[in-house]
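Engineer: Starting off with a structure, shown below.
Where a number appears in this text, it was derived from the coordinates with a stated rule and is not lab data. Source: prediction; values computed, not measured. Glycine gets a Cβ as well: all are built from the backbone with ideal geometry, and neighbour counts include every protein chain shown.
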């Protein structure tokens, strides 16, 4: 698997990403993750919709918690043809528990713990931690990547305004 350095840090320390460097305009790679009921979910599971795919290290950390709550709040004002998917390595049971406790009802949480399929296809697996880097991908209804934000410091939140502007440009 391709190794890429100099892209992210975690608490100021440099880390290595595994997988390809995707670019805006690329066809979005397929992946297989599982939902909170252990059912497989692929890119095609949301064909015809605009997908905001938020990759996070773990929902049980303060920044991931804040980010997912914020996307849940923002999703309420987005049209039905936009879905927000949050992918992490957390076990589906932990994701379900967290969503229930946090009142998350507009974001679908997905787990990449089984195959690291999303992590490898989207180039966001942190080699040293075996967790996902913080990143946001917007995939349009035709499965083309329209926006990519790899957050340089894993402990920082993404630029929500830029993500929302990119989504609104597709509506």
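Engineer: Provide 90, 143 in ascending order of the number of other Cβ atoms located within 10 Å of each residue's Cβ, fewest first.
Structural biologist: 143, 90
Engineer: Now for a separate question. By count of other Cβ within 10 Å, fewest leading, how are 146, 134 ordered?
Structural biologist: Fewest-to-most ranking of 146, 134: 146, 134.
Engineer: On full extension of the chain, what length is gained from residue 130 through residue 21, given 0.36 nm per residue of separation minus the C-alpha to C-alpha distance? Intermediate values should be presented prior to the final figure.
Structural biologist: Details: separation 109, 0.36 × 109 = 39.24 nm, distance 1.75 nm.
So the chain would gain 37.5 nm between residue 130 and residue 21.
Engineer: Can you work out the PRE-style zone for residue 170? Point 7 Å along Cα to Cβ, and I want the residues of the range 1-40 with backbone N under 16 Å.
Structural biologist: The answer is 22-31, whose backbone nitrogens lie closer than 16 Å to the label point.
Engineer: Between the alpha-carbon centers of the range 98-162 and the range 73-96, tell me the distance in whole angstrom.
Structural biologist: 10
Engineer: With runs of 4+ DSSP H residues as the only contributors, calculate the mean residue ellipticity of the chain at 222 nm using -39,500 (n - 2.57) per run, divided by the residue total and rounded to the nearest 500.
Structural biologist: Numbers: 4 runs with 40 residues, N = 171.
Mean residue ellipticity at 222 nm (helix-derived): -7000 deg cm²/dmol.
Engineer: Separation between the residue 49 and residue 114 pseudo-spin-labels, each 7 Å from Cα along Cα→Cβ, expressed in nm?
Structural biologist: 1.9
Engineer: Something else now. For the pair residue 4 and residue 159, how long in nm is the line joining their label points, each one 7 Å along Cα→Cβ?
Structural biologist: The answer from the label model is 1.7 nm.
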